[in-house]
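Trainee: Here's a structure for you.
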Amino acid sequence: MFFSCLDAQKPDPLLSLIEAFASDQRPGKLDLSVGVYRDDHGRTPVMRAVKLAEERLVRDQPSKSYLGPDGDRRFAECLGELVLGRGLSGQARGIQTVGGTGALSIAAGLLGAGGVSRKIWLGTPTWSNHLPLFAAAGLPVRTYSHVDEQGGGFALDAFLAAVQQASPGDAFLLQGCGHNPTGIDPDIATWTKIGRALADRGLIPLIDLAYQGFGAGVEEDARGMRDLLGVVPEAVIAVSCNKTFGLYRDRVGALLCYGNDAAGLDLAMANARGIARCSYSMPPDHGAAVVRTILDDAGLAAIWREELDAMRNRLRATRRALAASPGADALGLGGVAGQGGMFCLLPLDGAQVERLRSRFAIFVAPDGRVNLAALPLERVGAFTEALADVAL
Ligand code: PMP
């Protein structure tokens, strides 16, 4: 038999939690596991700018005929400007992808192409899909520590040691901002050092940008990555719009290739297109058309930015409240106010995570990752009390 010969698969621990949460009957249950933004009522609303753009699309979209493996070209241009700024976006080309995950998969395919054997280096802990995604693409994966020994900052020394061990042509995955799961990003001044170290050894930066606007601001969050791009000859950037535009299930993303060799960029795009063609052929249009409609219209873009600002400000208020709560340092919350993005990583073991769930109906990821964007401000006190109960 064919099917029964296949390897058994471990259930994805995070996806299993979605089901466990849905079937939990306790009132007041709190899902801090899955990485989606939630308002104070636990809802993930469709953003107003998105609804307005959708109304326009329904009214004006002339056709749903095929667009081709690049998807919506204007979308990729607009997103390139948002991510890279006007100055650098002229040195990049992009294609629409199936979310940030699709962009990373195509990036993995590009790294494996061209007959050169390249390894991919990941600072760990990192998003739980990174390692399996690159391994599935056949790339050898190497890891180093993302967080310093004190647990509060980016481990530049570990990064530089990994750079020395890498072979020229290897790639380093860096999260552009709002690191998942730790919330710990390199300081602004460190990004140039990172870029120089990679460039000196002929290593390729692969930047995963999924949380632009969830740290200090849309422009501020892109600054470190842009500084890095200023000192490297080439880079690949995988962008997700799913958190920033609240479009999760519409699967919106882009792969950007950056460099100053126009012929090289053409080749990169041709290869990316070829990889997409063999996988899903063409990306789904709707979400990217929504983002393009917003970014191409000053009025809609202003509404979107205001909504994103409100989400960020709420997250920052939650972070400040957590850092100011009694016993914050002992609970691993002392540094959260200075961190960015949607997550923080708490020093909880499996048994403590399980006790949070069984005693308090609070669901966090199995590694102790907490989605702060799902924690209502008025429940911060109850959350830290529950944490103290299971962890101290
Ligand atoms: N990169 C990181 C760091 C992420 O956290 C995520 C989503 N959890 C992604 C990429 C991909 O997101 P999506 O495929 O939904 O765009």
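Trainee: Could you please let me know if Leu206 is surrounded by 21 or more Cβ atoms within 10 Å (Cβ to Cβ), at pLDDT 95 or above, more than 26 Å from Lys119 (Cβ to Cβ) and within 12 Å of the ligand (Cβ to nearest atom)?
Mentor: Values: surrounded by 21 or more Cβ atoms within 10 Å (Cβ to Cβ): yes; at pLDDT 95 or above: yes; more than 26 Å from Lys119 (Cβ to Cβ): no; within 12 Å of the ligand (Cβ to nearest atom): yes.
Considered against the rule, which asks whether it is surrounded by 21 or more Cβ atoms within 10 Å (Cβ to Cβ), at pLDDT 95 or above, more than 26 Å from Lys119 (Cβ to Cβ) and within 12 Å of the ligand (Cβ to nearest atom), Leu206 comes out as no.
Trainee: Search segment 223-242 for residues being assigned to a strand (DSSP E or B) and closer than 16 Å to Leu82 by Cα, and hand back the single one that is nearest to the ligand (Cβ to nearest atom).
Mentor: Ser240
Trainee: Within segment 201-241, how many residues turn out to be basic (Lys, Arg), under 27 Å from Met311 (Cα atoms) and without any contact (Cβ under 8 Å) to a residue 60 or more places away in the chain?
Mentor: Looking only at that region, the number is 1.
Trainee: Here's another thing I want to ask about it. Scanning for something charged (D, E, K, R) and at pLDDT below 95, does segment 154-165 turn up at least one residue?
Mentor: No, the conditions are met nowhere in segment 154-165.
Trainee: Scan segment 90-122 for residues that are within 19 Å of Asp170 (Cβ to Cβ), touching a strand residue (DSSP E or B) at 6+ places or on another chain (Cβ under 6 Å) and not charged (D, E, K, R) and report the count.
Mentor: Counting residues in segment 90-122 that are within 19 Å of Asp170 (Cβ to Cβ), touching a strand residue (DSSP E or B) at 6+ places or on another chain (Cβ under 6 Å) and not charged (D, E, K, R) gives 7.
Trainee: Please indicate, with yes or no, whether at least one residue in segment 96-111 is surrounded by fewer than 19 Cβ atoms within 10 Å (Cβ to Cβ), in contact with a Gly (Cβ under 7 Å, 6 or more places away or on another chain) and modelled with pLDDT of 95 or more.
Mentor: No, the conditions are met nowhere in segment 96-111.
Trainee: Further question: Restricting segment 148-163 to residues that are under 23 Å from the mean Cα position of the chain (by Cα) and small (Gly, Ala, Ser), which is nearest to Cys177 (Cα to Cα)?
Mentor: Among them, the one singled out is Gly153.
Trainee: Starting from segment 32-48, take each residue that is in contact (Cβ under 8 Å) with a residue 12 or more places away in the chain and list its partners that are among the basic types (Lys, Arg) and surrounded by 13 or more Cβ atoms within 10 Å (Cβ to Cβ), counting only C-beta distances under 6 angstrom and pairs at least six apart or across chains.
Mentor: Cβ pairs passing all conditions: Thr44/Arg38.
Trainee: If I filter segment 17-29 for residues that are closer than 18 Å to Ser240 by Cβ, among the aliphatic types (A, V, I, L, M) and either touching a residue at least 60 places away in the same chain (Cβ under 8 Å) or surrounded by fewer than 14 Cβ atoms within 10 Å (Cβ to Cβ) (or both), do I get at least one hit?
Mentor: Scanning segment 17-29 turns up no residue that is closer than 18 Å to Ser240 by Cβ, among the aliphatic types (A, V, I, L, M) and either touching a residue at least 60 places away in the same chain (Cβ under 8 Å) or surrounded by fewer than 14 Cβ atoms within 10 Å (Cβ to Cβ) (or both).
Trainee: Here's another thing I want to ask about it. I want to confirm something. Restricting to segment 243-273 and keeping residues that are assigned to a helix (DSSP H, G or I) and of a type in the set (Asp, Glu), which single residue is nearest to the ligand (Cβ to nearest atom)?
Mentor: By that ranking, first place goes to Asp250.
Trainee: List the strands (runs of 3 or more DSSP E) that sit entirely inside segment 62-157 and contain at least 1 residues that are under 28 Å from Arg201 (Cα atoms), within 16 Å of the ligand (Cβ to nearest atom) and small (Gly, Ala, Ser).
Mentor: Passing ranges, in order: 92-98, 120-124.
Trainee: Could you list, in sequence order, the residues of segment 275-299 that are without any contact (Cβ under 8 Å) to a residue 24 or more places away in the chain and over 30 Å from Arg48 (Cα atoms)?
Mentor: Hit for segment 275-299 is Cys278, nothing else.
The values are calculated or read from the model by the stated rules, or taken from the named source; none is laboratory data. All values derive from a computational prediction rather than experimental measurement. Cβ sites come from the backbone with ideal geometry, for glycine too, and all protein chains shown count toward neighbours.
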